[in-house]
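The values are calculated or read from the model by the stated rules, or taken from the named source; none is laboratory data. Predicted, not measured: the structure shown is a model, and the values here were computed from it. Here the Cβ is made from the backbone with ideal geometry for all residues, glycine too, and neighbour counts use every protein chain on show. The protein model used for the area step is the full one, side chains on, heavy atoms only, and it has no ligands, DNA or RNA in it. Shrake-Rupley method; radii C 1.70, N 1.55, O 1.52, S 1.80 Å.
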Amino acid sequence: MKGVILAGGTGSRLWPLTAVISKQLLAVYDKPMIFYPVTTLMFAGVREIAVVTTEAQQESFKATLGSGEKWGIKFEYCVQSEPKGIPDALKSLPISFKNEPIVMILGDNLLYGMGLGSSLAGAFNGTGALAFGYPVANPSEYGVVELDQKGNVKSITEKPVSPKSNLAIPGFYFFDKSVHSKVLELVPSLRGELEITDILKMYKSQSALRISVLERGTAWLDTGTVESLIQAGEFVKVIEDRQGLKIGCPEEVAFREGYITGNEFLKCINNAPTSSYRDYLISVAVEFGLSVI
Ligand code: G1P
């Protein structure tokens, strides 16, 4: 299975912060926003990730993430030329992704929770689609799923005025390879975009959509507005300060998950400039008995 991170879009709701820098490269506390979805995909067991960006920002993403080799993964970069909606971005994927199941995450979505990593790794069996439900106070701002008592999907609506449930659908989806042909059948919604919820409805009509409600202890934050961006940063700071452990640290995830060896981890440390981030990586190395020079 291959991974996709969507980092195109104009980030207009965060303007002027996004006048010269993509939303997904803005800071969420101590690291760029995109580090969080990258590590979520790494926890899901994905080693090849396409990063879809605007043309203007592609170089900045390359400078931030690199080839992925240092984290034991591989990034491919591709361009969504116009912001025509989430599923539209799938049309720009490299050919090697086009006949594959994918796990897709929106670059401004942050997922965190106990056991999330291990539960993601085995979540998808490669057929149909798997999406998630998460109770929110403001469902009208999201795609909303209504479930029956048995957990079957009754309805899916994008940004409903009168939501039928409080379960929003986070920007994190597993699709089998039929998603690539489904995208070609979509027509724009009233807001002029291709909607990811229309893809989910196609799977639903084939009885091939599964919704898993995220456990209460899981945090799902999006960072699309100034307020939610600040809240996400505060959330990360509180957890990191309290536990002394970082959220969304690709070097650490790569090392702990066995994507890179101890020596490769030490190389990451040696290449990092003096910073609290580097100090943290050193503390992880020491925990594993690696000798840092
Ligand atoms: C998009 C999707 C929506 C989903 C949300 C999650 O909304 O259209 O279904 O719930 O992401 O962040 P948008 O970011 O376009 O408002």
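Taken over region 168-201, the criterion of being more than 14 Å from the ligand (Cβ to nearest atom), of a type outside the set (A, V, I, L, M) and open to solvent by 10 Å² or more (accessible area, probe 1.4 Å) is satisfied by 176, 177, 178, 180, 181, 182, 185. Residue pairs whose Cβ atoms lie under 8 Å apart, separated by 6 or more positions or on different chains, with the first residue in region 135-151 and on the phi > 0 side of the Ramachandran plot and the second within 13 Å of the ligand (Cβ to nearest atom), are 151/211. Would you check if there is a residue in region 223-230 being touching a strand residue (DSSP E or B) at 6+ places or on another chain (Cβ under 8 Å), free of Cβ contacts under 8 Å to residues at least 60 places away in the same chain and closer than 30 Å to residue 154 by Cβ? Yes, region 223-230 has at least one match.
Here is the figure for region 9-51: residues that are part of a helix (DSSP H, G or I) and over 25 Å from residue 253 (Cβ atoms) total 3.
All told, residue 265 meets the bar of being at pLDDT 95 or above, over 24 Å from residue 9 (Cβ atoms) and not aliphatic (A, V, I, L, M). Only residues that are more than 20 Å from residue 65 (Cα to Cα) and open to solvent by 30 Å² or more (accessible area, probe 1.4 Å) were counted in region 11-29, giving 6. Here residue 200 does not fit the description of being of a type outside the set (Gly, Ala, Ser), assigned to a loop (DSSP other than H, G, I, E, B) and touching a residue at least 40 places away in the same chain (Cβ under 8 Å).
Among the candidates 98, 164, 154, single out the residue that is of a type outside the set (S, T, N, Q), under 23 Å from residue 41 (Cβ atoms) and either more than 14 Å from the ligand (Cβ to nearest atom) or in contact (Cβ under 8 Å) with a residue 24 or more places away in the chain (or both).
From the options 98, 164, 154, the qualifying one is 98.
So is residue 213 within 23 Å of residue 121 (Cα to Cα) and either more than 14 Å from the ligand (Cβ to nearest atom) or touching a residue at least 24 places away in the same chain (Cβ under 8 Å) (or both) or not? In short, yes.
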